[in-house]
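Student: There's a structure below that I have some questions on.
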Amino acid sequence: MKLVFAGTPEVAVPALDALISSGRHEVAAVVTRPDAPAGRGRRLVASPVAERAEEAGIEVLKPARPRDEGFLARLREIAPDCCPVVAYGALLPKTALDIPARGWVNLHFSLLPAWRGAAPVQHAVMAGDEVTGASTFLIEEGLDSGPVYGVLTEEVRPTDTSGDLLTRLAFAGAGLLAATMDGIEDGTLHAVPQSEGGVTLAPKITVEDAQVQWSAPALRVDRVVRGCTPAPGAWTLFRGERLKLIQAVPVLDRADLAPGELSAGKNHVYVGTGSHAVELLWVQPQGKKPMRAADWARGVRIAQGELIGS
């Protein structure tokens, strides 16, 4: 088939690579979000998908909005059979959805209908799911509600951050998306409507969502820290400034600290929660680089019984 691939961040690159190297389909063009300011200089930088497409000599389309008539006209000229999508980052209007003969097929990082929305992996980690996965489905105008072509499952490991899990799903999902394109092309794969039960939503995780509540149980604190790593980053307040929490683990044999109460030793920093303590391993003070929590604690000279959090 002639394909137009839509995607933007680094997590979409493995799928683009899989389609380029498949030898069975032609990636005629790539659709991605416009260049965005990045770094201290805030200079405009192309998306990871755009950079990979340019390396491969593939035409790159960067519409400000996918409903722009210039973009739609170019898409009609290319006349793709199918448009595979991975984390494109913009809502596709019906005028765009109607152009490819076999539609737009999205690789979504959950077992649909669970975790429909922008942040399925973060929500799976924060909810304590033991198994998640990826699904390919035909895009409709609803939110991740279209019929499903294929799925794969992936274990959520006890120490997984959302970044760890998403990396594994990106590479496994790349193979799923390529196999889905093959099955659509040869007619062996047909989309099946999603179940009406078991729908859960995964909206974008905001900075406010990532603030740790020390009154919550230790396992909840652990899940929030892992689920918000690397983005948007779990955090708390210490002496009125934001402290980013990069790694923390429950300490199930210690329950003598009040929620938010700090206890620092030469090589450890414990914080009380609503149940057991957690040990802070890596933190990042405001305006500084990541550091071991014990080094941070020595530098700030934590007082006996001092509290962390709002």
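Student: Once the Cα gyration tensor of the range 156-310 is diagonalised, what are the square roots of 5 times its eigenvalues, in whole Å and ordered largest first, as equivalent ellipsoid semi-axes?
Tutor: 40, 16, 14
Student: Shifting gears a bit: If you stretched the chain out fully between Leu91 and Leu189, how much longer would it get, using 0.36 nm times the residue separation minus the C-alpha to C-alpha distance?
Tutor: Residue separation times 0.36 nm, minus the Cα-Cα distance, leaves 32.7 nm.
Student: Using 1/(1 + (r/R0)^6) with R0 = 30 angstrom and r between the beta carbons of Leu143 and Ser21, what's the FRET efficiency to the nearest 0.05?
Tutor: Working from the Cβ atoms, E equals 0.45.
Student: Starting from the Cα of Glu130, step 7 Å along the direction of its Cβ; do the same at Leu201; then give the gap between the two resulting points in nm.
Tutor: 2.9 nm
Student: Which one, His25, Cys82, Thr8, projects farthest toward the positive side of the charge dipole computed for the range 1-85 from Cβ point charges (K/R +1, D/E -1)?
Tutor: Comparing the listed Cα positions along the dipole, Thr8 ranks first.
Student: When every alpha-carbon pair in the range 56-126 is counted, what percent end up more than 20 Å apart?
Tutor: 38 percent
Student: Per the Cauchy relation, a quarter of the hull surface: what is the mean projected area of the convex hull of the alpha carbons in the chain, in nm²?
Tutor: 17.6 nm²
Student: A follow-up question, please. When Lys and Arg each count +1 and Asp and Glu each count -1, what net charge do the other residues less than 12 Å away from Ala277, Cβ to Cβ, add up to?
Tutor: -4
Student: Would you work out the charge dipole size for the chain about its Cα centre, treating the Cβ of every Lys and Arg as +1 and the Cβ of every Asp and Glu as -1, and quote it to the nearest 20 debye?
Tutor: Charge dipole of the chain: 1260 debye, to the nearest 20.
Student: Leaving out ligands and nucleic acids, and using a 1.4 Å probe, what accessible area per residue does the range 1-155 come to in Å²?
Tutor: 43 Å²
Student: Still on this structure: Say each of Arg102 and Lys266 gets a label point 7 Å from the Cα, pointing the same way as Cα to Cβ; how far apart are those two points in nm?
Tutor: About 6.5 nm separates the two model spin labels.
Student: Can you pull the three principal axis extents for the Cα set of the range 84-240, in Å, largest first?
Tutor: The principal-axis extents, from largest down, are 60, 31, 28 Å.
Student: Right, another one. For the range 41-88, treating each Cα as an identical point scatterer without solvent, what Debye log10 I(q)/I(0) comes out at q = 0.14, 0.20, 0.22 1/Å?
Tutor: -0.44, -0.87, -1.02
Student: Just want the answer: with Cβ charges of +1 for Lys and Arg and -1 for Asp and Glu, which residue in Val249, Gly187, Leu262 is farthest toward the dipole's positive end in the range 166-310?
Tutor: Leu262
Student: To the nearest 20 debye, what charge dipole does the range 116-176 have about its Cα centre, counting +1 at the Cβ of each Lys and Arg and -1 at the Cβ of each Asp and Glu?
Tutor: 100 debye
Student: A follow-up question, please. Normalising by the residue count of the chain, find the relative contact order in percent from Cα pairs under 8 Å and 6+ residues apart.
Tutor: Computed value for the chain: 13 percent relative contact order.
Student: Still on this structure: Around Pro14, what is the net charge, scoring Lys/Arg as +1 and Asp/Glu as -1 over all other residues with Cβ under 12 Å from its Cβ?
Tutor: 0
Student: Turning to a different aspect of this structure: Please list, in order along the range 139-151, the HN-Hα scalar couplings obtained from phi with the Karplus expression 6.51 cos²θ - 1.76 cosθ + 1.60 (θ = phi - 60°), rounded to whole Hz, x for Gly and Pro.
Tutor: 6, 10, 6, x, 7, 6, 9, x, x, 9, 8, x, 9
Student: Can you pull the percent of the range 152-310's accessible area that's carbon plus sulfur, 1.4 Å probe, other chains left in place?
Tutor: That share works out to 53 percent.
Student: Also, I was wondering about something else. Provide the net charge surrounding Ala90, with neighbours chosen by a C-beta distance below 10 Å and charges set as Lys +1, Arg +1, Asp -1, Glu -1.
Tutor: +3
Student: List the aspartates and glutamates whose alpha-carbon lies under 14 Å from that of Lys94, not counting same-chain residues fewer than 8 positions away?
Tutor: Partners within reach: Asp68, Glu69, Glu140, Glu141.
Student: Let me ask you something else. In the chain, which whole DSSP H runs stretch at least 30 Å along their own axis (Cα) and average 0.0 or higher on the Kyte-Doolittle scale?
Tutor: Helix filter hits for the chain: 162-186.
Student: Amide H neighbours of Val45 under 5 Å, counting only residues 5+ apart in sequence or on other chains, H built in-plane at 1.01 Å?
Tutor: Amide H neighbours of Val45: Ala36, Ala38.
Student: Turning to a different aspect of this structure: Measuring from centroid to centroid over Cα atoms, what is the spacing of the range 257-294 and the range 66-139 in Å?
Tutor: Computed from Cα coordinates, the inter-centre distance equals 40 Å.
Student: Still on this structure: Tell me, what is a quarter of the convex hull surface for the C-alpha atoms of the range 1-153, in nm² with one decimal?
Tutor: The number I arrive at for the range 1-153 is 9.8 nm².
Student: Going down the list Lys2/Lys204; Lys62/Lys244; Lys266/Lys289, which pairs span over 27 Å between their C-alpha atoms?
Tutor: Exceeds cut-off: Lys2/Lys204; Lys62/Lys244.
Student: Next up: In debye, nearest 20, what is the charge dipole magnitude of the range 202-310 about its Cα centre with +1 on Lys and Arg Cβ and -1 on Asp and Glu Cβ, if you could check?
Tutor: Charge dipole of the range 202-310: 400 debye, to the nearest 20.
The values are calculated or read from the model by the stated rules, or taken from the named source; none is laboratory data. Bear in mind that the values here come from a model prediction, so they are computed numbers and not experimental data. Every residue, glycine among them, receives a Cβ derived from its backbone with ideal geometry; neighbour counts consider all protein chains shown. Ligands, DNA and RNA are stripped out before the accessible areas are found, and what is left, the full protein with its side chains, is counted by its heavy atoms. Shrake-Rupley method; radii C 1.70, N 1.55, O 1.52, S 1.80 Å.
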